[in-house]
Amino acid sequence: MNTNAKVCPVLTIAGTDPSGGAGIQADLKTFQERYVYGMSVVTSVVAQNTTGVTAVHHLPVTFIDQQLEAVFSDIVPYAIKTGMIASKEMMASVLRYLKRFPELPFVLDPVMVATSGDVLMEEHARDFLVNQLLARATVVTPNIKEAELMLDQTIETTTAMEKAAERLVDVYGAKAAVIKGGHLGETCIDVLYDGKMMTHLESERIDTEATHGTGCTFAAAITAELAKGKTILEAVQLAKLFVTDAIRYQLLLGKGHGPTNHWGYRLKSVPLDVQEVSFDGND
Ligand SMILES: Nc1ncnc2c1ncn2[C@@H]1O[C@H](COP(=O)(O)OP(=O)(O)O)[C@@H](O)[C@H]1O
Ligand SMILES: Cc1ncc(COP(=O)(O)O)c(N)n1
């Protein structure tokens, strides 16, 4: 038996969620499910759960730098994802590493507001993200609200999503942009633009309140697939299937917006009665 399997190391740089549904915790669970080796640099420690955020502790930029150095001096990741980065100073520190490794695929999830409505990024950081980080992004993954804030425009239709994706690529320099339609329309259509081609990724809208961490899970799955060498289109398609199953096989945990189920896709092959038994314990 070969015990020396080659594995892709992948890094997330983000905030935490002690209740396990979003942020670093969602990213690491996703990496594990996508068979890559997960590493994490924490930017902010967040006291939050499915009902919302109660406190945030931002780590000093020098300490974020030290964590980045600890990772990069030992295990250089094959792809990087960023989630919650609250301030301009933190972003500048991350950008220094992204510039040192210009070939690494970089998935920029521009986390600004949690599903609960809590603000996770200082306003002055938004300009830095748009004018500095975007140009280095392999894929940027805003939801509609985040795209509206980044581009200072309203987005109410799929056509407007397409125009916004084009601006993020053609004007601000991202290699590709996916605008997530989780909060718009009867079906969930995400719009991907890679500078040449516009692709719609459509899934049924699952009737659920359990959407805490959907964005983190989606972006982490894209990162894992890019690390394995998939094209942007393939990575986004696989991530869309993965997150749809994570939402479909919800876990019924918590008093607010419940978490997604990172092993949901595995339950597809499990008979429904067995799935119901495994869900019973959560009531
Ligand atoms: N109720 C839902 N049913 C099916 N897919 C959903 C649902 N809500 C969100 N999604 C999908 O989950 C992914 C994350 O989208 P979204 O929830 O908009 O991100 P965010 O967490 O950043 O707000 C997208 O692929 C979106 O289409
Ligand atoms: C640390 C952290 N990062 C990101 C999110 C957004 O998650 P979502 O919008 O998918 O609920 C969050 N709630 N916490």
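With a simple spin-label model that places each label point 7 Å from the Cα along the Cα-to-Cβ direction, the separation between THR154 and ARG205 comes to 1.8 nm.
Beta bridges from DSSP with both residues in the chain: antiparallel share about 45 percent, rounded to the nearest 5. Divided by 2.2 N^0.38 Å, where N counts the residues, the Cα radius of gyration of the range 1-131 comes to 1.07.
A Förster radius of 41 Å combined with the Cβ-Cβ distance from LEU253 to LYS99 puts the calculated FRET efficiency at roughly 0.55. Compared with the alpha-carbon gap, the fully stretched path from GLU234 to LYS196 is longer by 12.2 nm at 0.36 nm per residue. Placing a pseudo-label 7 Å from each Cα along the Cα-to-Cβ vector at ASP118 and VAL76 gives an inter-label distance of 3.7 nm. Using the Cβ-Cβ distance between ALA135 and THR51 with R0 set to 51 Å, the FRET efficiency works out to roughly 0.90.
Within the range 171-226, the trypsin sites (Lys or Arg not before Pro) that combine a DSSP coil assignment with at most 10 other C-beta atoms in a 10 angstrom radius are LYS196.
When both bridge partners sit in the range 1-116, DSSP labels roughly 30% of those beta bridges antiparallel. Across the chain, Cα-Cα pairs more than 30 Å apart make up 25 percent of the total. Projecting the Cα atoms of ALA125, ALA70, LEU267 onto the dipole axis of the chain, where Lys and Arg carry +1 and Asp and Glu carry -1 at the beta carbon, places ALA70 farthest toward the positive end.
Using Cβ point charges alone (K and R +1, D and E -1), the dipole size of the chain about the Cα centre works out to roughly 840 debye. Seen from a random direction on average, the alpha-carbon convex hull of the range 146-230 projects onto 6.1 square nanometres.
Among the GluC sites (Glu not before Pro) within the range 61-103, those in coil by DSSP and having at most 16 neighbouring Cβ atoms inside 10 Å are GLU103.
A crude spin-label estimate for the pair GLU186 and SER269, with each label 7 Å from Cα along the Cβ direction, gives 3.5 nm. Residues of the chain were split at every exposed loop site, defined as chymotrypsin sites (Phe, Trp or Tyr not before Pro) in a DSSP loop with at most 16 other C-beta atoms within 10 angstrom, and the longest piece left, sites excluded, is 36-262.
Taken together, the values in this text are just the output of simple stated rules run on the coordinates, not laboratory data. Every value quoted in this text rests on a predicted model; they were computed, and no experiment measured them. Don't worry about glycine lacking a Cβ; one is built from the backbone with ideal geometry, like all the others, and counts go over all protein chains shown.
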